[in-house]
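First the structure, in the form of structure tokens, and then the observations on it.
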Amino acid sequence: MSSRLDALCSLRWRLALGLLIAAISYWLYTHPPFTSIHRGEVLVRTDALNGTAGVYTVGTVLALPGIHQVRRFSTRDQVYRPIESASAMGPAPFQSIEGLSIGIDLAVRWSVDPTRLVQLSREFPDNLNDDLVRPAVQGVIFPLFARYSVREIFSSKRGSIQQELMTELKPKFAAMGLQLRGVEMGKVDLPQDYRAGMEKLLAEELETEKVRYTLTLKEAQVKQQQLEAEADKVRRQTAAEAAGQEQVIAARAQEETMKHILPFKHKQIEQRKLEAEADKVARIRTAEGAAEARRIEARGEADSRQKLADAEAYRLDLVGKTNAGQMEREGALITHYPLLIQKTLADKLSDKVQVIIAPTPVAGRFIGANLIGAQDSAGSSDDTATAPPSRGASSP
């Protein structure tokens with residue numbers, strides 16, 4: 001029995017532990033102890049046990065419920081606009097030095113100083129724009145605008161007013177752990193009647209400024225024309241002086257040049273005279289040489305002709321002697337061989353006929369016996385030699 005009670009108790013404890021674990025798991029699932037840092041924000045985690053704080057800009061941070069207190073701050077620029085003061089007929093318009101109500105579209109850009117988040121994160125309220133920025137800005141802008149007139153706020157002092165707002169708000173924001181990025185003044189809302197008068201006055205001032213500007217421009221143009229005329233005059237004088245100076249320099253240079261040119265011209269004249277004399281002498285010598293050459297040529301030609309005549313006479317004498325000797329030899333040959341006349345005549349008649357002249361053979365003999373040297377006796381050969389000639393056979 002006791003064993004059954006122990007087992008039942010053990011089962012109950014196990015069920016209770018399982019339920020506890022399931023409850024813790026469900027709670028952790030619905031309330032995870034981690035938080036992520038989004039883009040454009042910074043996270044400050046404060047430890048409730050020891051009071052330390054840490055600043056995180058990226059990643060996932062452990063945040064245990066009841067132990068860690070987590071606050072998120074935007075790192076982007078934020079803008080505060082006093083909407084109730086944007087219109088002259090609004091609930092809280094600005095007052096000028098004349099006591100007129102005016103509305104100004106004012107924008108104050110600010111951001112959290114990340115270097116002082118650890119120090120001031122516990123003191124920062126939930127809505128920084130309403131709880132910190134608004135009181136600081138209103139405490140400065142109302143007294144500041146009350147020191148200026150409507151005309152100065154509307155036109156001439158806008159830049160200086162913005163600079164004063166920056167100068168007065170910057171230390172206040174720094175003391176609260178904020179950074180002032182800029183102050184911008186937009187549209188200035190005036191009362192209807194005052195706006196009409198102001199616009200008319202500004203139009204007249206603009207017209208006056210336009211006339212003044214036109215007069216100033218005309219004066220500047222007149223001065224410019226005067227200066228241009230003076231400059232043109234000075235330029236012409238300078239040009240005339242320069243031209244005169246150039247002529248003087250040119251005349252001096254020409255004079256100096258002529259000093260060198262005249263001796264050179266004289267030298268050229270003397271040189272040309274000498275060259276003419278030399279040319280004359282050279283021509284005379286050339287003529288004399290040509291005449292002497294012609295005389296020498298004539299003598300040579302005469303000598304040559306004389307020698308040619310002597311040579312021709314000598315040649316004719318030799319030719320005559322040679323012809324006489326040849327005729328004498330031919331006469332002796334013809335006398336010895338009278339048949340050569342007939343042979344020569346036959347050769348002249350035709351170059352295709354061959355003529356052989358032989359003595360008349362003895363009766364009953366072969367016609368060519370004398371040609372082959374067959375003779376009967378010495379007496380017969382003598383008879384043949386003295387026999388009258390006759391035509392022999394002719395062969396083509």
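Key figures for this structure:
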{"item": "Any pair with Cβ under 9 angstrom, 6 or more apart, that starts in region 182-204 at a residue that is surrounded by fewer than 15 Cβ atoms within 10 Å (Cβ to Cβ) and of a type outside the set (Phe, Trp, Tyr) and ends at one that is modelled with pLDDT of 80 or more and not in a strand (DSSP E or B)", "result": "GLY182/ASP77; GLY182/GLN162; GLY182/MET166; GLU184/GLN162; GLY186/ALA86; LYS187/ALA86; GLN192/ALA88"}
{"item": "Matching option when the condition is closer than 17 Å to ASP77 by Cβ and assigned by TED's automatic domain parsing to the domain that holds GLU184, among SER111, SER121", "result": "SER111"}
{"item": "Looking only at region 124-156, and only at residues there that are in a loop (DSSP other than H, G, I, E, B) and in contact (Cβ under 8 Å) with a residue 24 or more places away in the chain, the one that is farthest from ILE83 (Cα to Cα)", "result": "PHE124"}
{"item": "Residue in region 161-181 that is at pLDDT below 90, surrounded by fewer than 10 Cβ atoms within 10 Å (Cβ to Cβ) and under 25 Å from GLY90 (Cβ atoms) present", "result": "no"}
{"item": "Residue within region 207-224 that is under 30 Å from GLU98 (Cα atoms), in contact (Cβ under 8 Å) with a residue 60 or more places away in the chain and part of a helix (DSSP H, G or I) present", "result": "no"}
{"item": "Conditions (1) at pLDDT 85 or above; (2) under 23 Å from LEU178 (Cβ atoms); number of the one not met by PHE73", "result": "(1)"}
{"item": "Tabulated pairs, region 1-20, first touching a residue at least 24 places away in the same chain (Cβ under 8 Å), second part of a helix (DSSP H, G or I) and exposed (fewer than 10 other Cβ atoms within 10 Å of the Cβ), C-beta under 8 angstrom, 6+ apart or interchain", "result": "none"}
{"item": "Residues of region 113-154 satisfying the condition of being over 60 Å from the mean Cα position of the chain (by Cα), under 30 Å from VAL188 (Cα atoms) and among the aromatic types (Phe, Trp, Tyr)", "result": "PHE142, PHE145, TYR148"}
{"item": "Flag if GLY325 is of a type outside the set (A, V, I, L, M) and either at pLDDT 85 or above or in a loop (DSSP other than H, G, I, E, B) (or both)", "result": "yes"}
{"item": "Restricting region 99-148 to residues that are within 19 Å of ALA174 (Cβ to Cβ) and of a type in the set (D, E, K, R), the residue that is surrounded by the fewest Cβ atoms within 10 Å (Cβ to Cβ)", "result": "GLU123"}
{"item": "Any chance VAL108 is in a helix (DSSP H, G or I) and of a type in the set (Val, Ile, Thr)", "result": "no"}
{"item": "So LEU202, is it in a helix (DSSP H, G or I), under 19 Å from SER149 (Cβ atoms) and of a type outside the set (D, E, K, R)", "result": "yes"}
{"item": "Matching residues, region 157-181, being assigned to a helix (DSSP H, G or I) and either touching a residue at least 24 places away in the same chain (Cβ under 8 Å) or of a type in the set (Asp, Glu) (or both)", "result": "ARG158, ILE161, GLU164, LEU165, GLU168, LEU169, LYS172, PHE173, ALA174"}
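The values are calculated or read from the model by the stated rules, or taken from the named source; none is laboratory data. Fair warning: this is a prediction, and the values are worked out from it, not measured in the lab. Reconstructed Cβ throughout: ideal geometry from the backbone, glycine too, with neighbour counts over all protein chains shown.
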